[in-house]
Amino acid sequence: MGRVFAVTLEGKIYTCRHCKTHLAIAEHIVSKSFHCRHGRAYLFSKVANVSIGEREERMMMTGMHTVADIFCVGCGAIVGWKYETAHEKAQKYKEGKSVLERSVDIVKLQMVISVVRWKT
């Protein structure tokens, strides 16, 4: 395995519960009204520091979707999933977006303030 290079995000950030790797910023939240098998989840337009798993067809509450699980690049924990294809016209807005789970058991997203500054 090679060295992992993680992007440091600035602002109000969401991190991996296990290793604190930055995953997303609050500005990229599309919806906070998502639910997953472990509780609440947030839909983000952009996420960082994740790897994407195999695509699979999955029946969700809103119909059939092609999704891929996403994993933290820091520790490998599953942090949510990415919508690749929505089969119903009304769900097309989800395509290309990612859901981060707020589960206490799997992933707990923490909001922190980043004070990282670039040094020259």
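The values are calculated or read from the model by the stated rules, or taken from the named source; none is laboratory data. Keep in mind that what you see is a predicted model, and the values were worked out from it rather than measured. Note that we place each Cβ from the backbone using ideal geometry, even for glycine, and neighbour counts take in every protein chain shown.
So, of the residues in segment 21-44 that are free of Cβ contacts under 8 Å to residues at least 24 places away in the same chain and surrounded by fewer than 15 Cβ atoms within 10 Å (Cβ to Cβ), which turns out to be farthest from TYR93 (Cα to Cα)?
Among those residues, the one meeting the criterion is ARG37.
For VAL67, indicate whether it is buried (at least 19 other Cβ atoms within 10 Å of the Cβ) and touching a helix residue (DSSP H, G or I) at 6+ places or on another chain (Cβ under 8 Å).
Considered against the rule, which asks whether it is buried (at least 19 other Cβ atoms within 10 Å of the Cβ) and touching a helix residue (DSSP H, G or I) at 6+ places or on another chain (Cβ under 8 Å), VAL67 comes out as no.
Here's a check for you: in segment 5-16, which residue that is farther than 17 Å from SER45 by Cα, more than 12 Å from the chain's Cα centre (by Cα) and surrounded by 12 or more Cβ atoms within 10 Å (Cβ to Cβ) is modelled with the lowest pLDDT?
ALA6
I'm told ALA68 meets every condition in (1) modelled with pLDDT under 95; (2) touching a strand residue (DSSP E or B) at 6+ places or on another chain (Cβ under 8 Å); (3) hydrophobic (A, V, I, L, M, F, W, C) except one. Can you identify the failing condition by its number?
(1)
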